[in-house]
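Before any comments, here is the structure.
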Amino acid sequence: MFAKINHMAMISPIYPMLANFYEAYFGLQRSGKTSRPLNAVTVGDGYVGLNINPLRDGYVGGLDHFGLVVDDIDVVIERARAKFPQASIVKRPSTRPFANFSAHDPDGNIFDLAQKDEGDKLVGIYAEQAAQGRSQDRYLNKFAIRTMNAERCADFYQFVFELKPSNKNMKSAGGYHLTDGRVTLSILPWSIPIFENMSIKRPGPDHIGFKVESIEAFKQHVEVTSGMNPYVAPMRLGGSKEADARKAFLAQEAGGKLQMADPGGVWIDVTDE
């Protein structure tokens with residue numbers, strides 16, 4: 001593939017605890033190369049990294065952005081400028097270890113961008129576990145965005161990055177689902193009326209997804225692990241009228257077999273298919 005999704009990022013005031021959560025429930029491992037305890041904690045599955053950043057003044061917590069690594073950044077810039085002039089790509093400071101560039105799609109959804117180069121630490125930063133031959137049955141398989149012009153954004157990611165349409169495991173009524181061969185980028189429509197019976201969720205990153213070896217085995221693991229340590233237990237879904245509406249909405253839209261939320265409230269969709 002010309003491009004692949006190589007990391008996802010979130011912001012939280014409890015970022016060290018969230019790293020423990022993703023280690024305990026999904027088996028993600030911390031990256032030694034990116035150990036920056038004052039700036040972030042990075043865990044990964046050997047293919048995709050999950051960067052968990054501390055909440056700072058003026059920012060909003062929750063799921064924040066994703067990153068792509070591509071064969072040729074110059075081609076990306078040329079394609080974007082030719083067909084999507086409203087989408088911008090800018091060079092990042094050299095102190096940023098996760099991306100050469102940052103960019104946004106036609107609706108303003110942010111993503112990081114780096115070029116494939118085995119000699120470049122910016123690209124190899126999430127690949128150290130893969131280089132060690134590590135793989136695992138539980139891994140990140142989806143990043144979902146909810147945006148006003150879903151069709152236009154889907155066209156952007158297909159044209160610029162050559163991501164391929166995929167409807168695997170997707171039962172939601174709307175949206176566009178694109179894959180790099182392993183990870184799906186789900187681009188879902190946003191409008192105020194879809195949030196009936198609950199508070200309005202702003203446009204932007206919506207949820208992440210995991211593939212697990214068995215839903216039943218994973219449910220049992222969640223039950224045992226949450227009982228061992230309540231501080232890293234998933235946030236409960238449902239329980240009140242509005243919470244039940246959110247739970248039903250996520251189940252309908254996400255497409256997986258099990259939905260949950262991490263201790264910081266980020267939605268997670270889980271499947272074994």
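The values are calculated or read from the model by the stated rules, or taken from the named source; none is laboratory data. Since this is a predicted model, take the numbers as computed values, not measurements. Virtual Cβ from ideal backbone geometry, glycine too; neighbours counted across all protein chains shown. Just the protein is used for accessible areas: all its heavy atoms, side chains included, with ligands, DNA and RNA removed. Shrake-Rupley method; radii C 1.70, N 1.55, O 1.52, S 1.80 Å.
Give me a count of the residues in the range 49-85 that are in a loop (DSSP other than H, G, I, E, B) and either farther than 21 Å from Arg152 by Cβ or modelled with pLDDT of 95 or more (or both). Qualifying residue count, the range 49-85: 10. Of all residues assigned to the range 230-243, none qualifies as being within 21 Å of Met148 (Cα to Cα) and either open to solvent by less than 40 Å² (accessible area, probe 1.4 Å) or touching a helix residue (DSSP H, G or I) at 6+ places or on another chain (Cβ under 7 Å) (or both).
Determine if the range 169-185 includes at least one residue that is among the aromatic types (Phe, Trp, Tyr), open to solvent by 60 Å² or more (accessible area, probe 1.4 Å) and in contact (Cβ under 8 Å) with a residue 24 or more places away in the chain. The answer is yes; a qualifying residue exists.
Evaluate the range 246-261: report whether one residue or more is under 25 Å from Met17 (Cβ atoms), outside any strand (DSSP E or B) and open to solvent by 20 Å² or more (accessible area, probe 1.4 Å). Talk me through it step by step, then tell me what you get.
At the first step, the residues of the range 246-261 found to be under 25 Å from Met17 (Cβ atoms) are 246-247, 250, 254, 256, 258-261.
Of the ones still in play, those that are also outside any strand (DSSP E or B) are 246-247, 250, 254, 256.
With the extra rule that they be open to solvent by 20 Å² or more (accessible area, probe 1.4 Å), the set shrinks to 246-247.
Scanning the range 246-261 turns up at least one residue that is under 25 Å from Met17 (Cβ atoms), outside any strand (DSSP E or B) and open to solvent by 20 Å² or more (accessible area, probe 1.4 Å).
Screening Ile110 against (1) at pLDDT below 95; (2) closer than 19 Å to Trp190 by Cβ; (3) surrounded by fewer than 17 Cβ atoms within 10 Å (Cβ to Cβ) leaves a single unmet condition, (1). Residues of the range 195-204 that are touching a residue at least 12 places away in the same chain (Cβ under 8 Å) and not basic (Lys, Arg): Phe195, Glu196, Asn197, Met198, Ser199, Pro203, Gly204.
Contact map, the range 149-165: first residue within 19 Å of Val183 (Cβ to Cβ) and acidic (Asp, Glu), second residue at pLDDT 95 or above and open to solvent by less than 10 Å² (accessible area, probe 1.4 Å), Cβ cut-off under 8 Å, separation 6 or more or different chains; pairs are Glu162/Ala3. Taking Ala24 as the residue in question, decide whether it is free of Cβ contacts under 8 Å to residues at least 12 places away in the same chain, hydrophobic (A, V, I, L, M, F, W, C) and out of contact with any His (no Cβ under 8 Å at 6 or more places or on another chain). Criteria not met by Ala24.
Say we look at the range 230-245 and pick out the residues that are in a helix (DSSP H, G or I) and more than 20 Å from the chain's Cα centre (by Cα); which of these is farthest from Gly44 (Cα to Cα)? Can you show your working first?
The first filter runs over the range 230-245 and keeps only residues in a helix (DSSP H, G or I), leaving 230-232, 241-245.
Next, from what is left, pick out any that are more than 20 Å from the chain's Cα centre (by Cα): 230-231, 241-245.
On the way: Pro230: 23, Tyr231: 21, Lys241: 36, Glu242: 33, Ala243: 30, Asp244: 31, Ala245: 32 Å.
Checked the range 230-245; the qualifying residue farthest from Gly44 (Cα to Cα) is Lys241.
Scanning the range 197-229 for residues that are in a strand (DSSP E or B), charged (D, E, K, R) and either farther than 13 Å from Ile268 by Cβ or open to solvent by less than 30 Å² (accessible area, probe 1.4 Å) (or both) yields one hit, Asp206. Consider Ser191 carefully, then state whether it is on the phi < 0 side of the Ramachandran plot, open to solvent by less than 30 Å² (accessible area, probe 1.4 Å) and out of contact with any Pro (no Cβ under 8 Å at 6 or more places or on another chain). So Ser191 does not fit the description; no.
Evaluate the following for Phe156: is it open to solvent by less than 30 Å² (accessible area, probe 1.4 Å), in contact with a strand residue (DSSP E or B) (Cβ under 7 Å, 6 or more places away or on another chain) and either in a strand (DSSP E or B) or not charged (D, E, K, R) (or both)?
no
When Tyr126 is tested against the conditions (1) at pLDDT below 95; (2) on the phi < 0 side of the Ramachandran plot; (3) surrounded by fewer than 18 Cβ atoms within 10 Å (Cβ to Cβ), the lone failure is (3).
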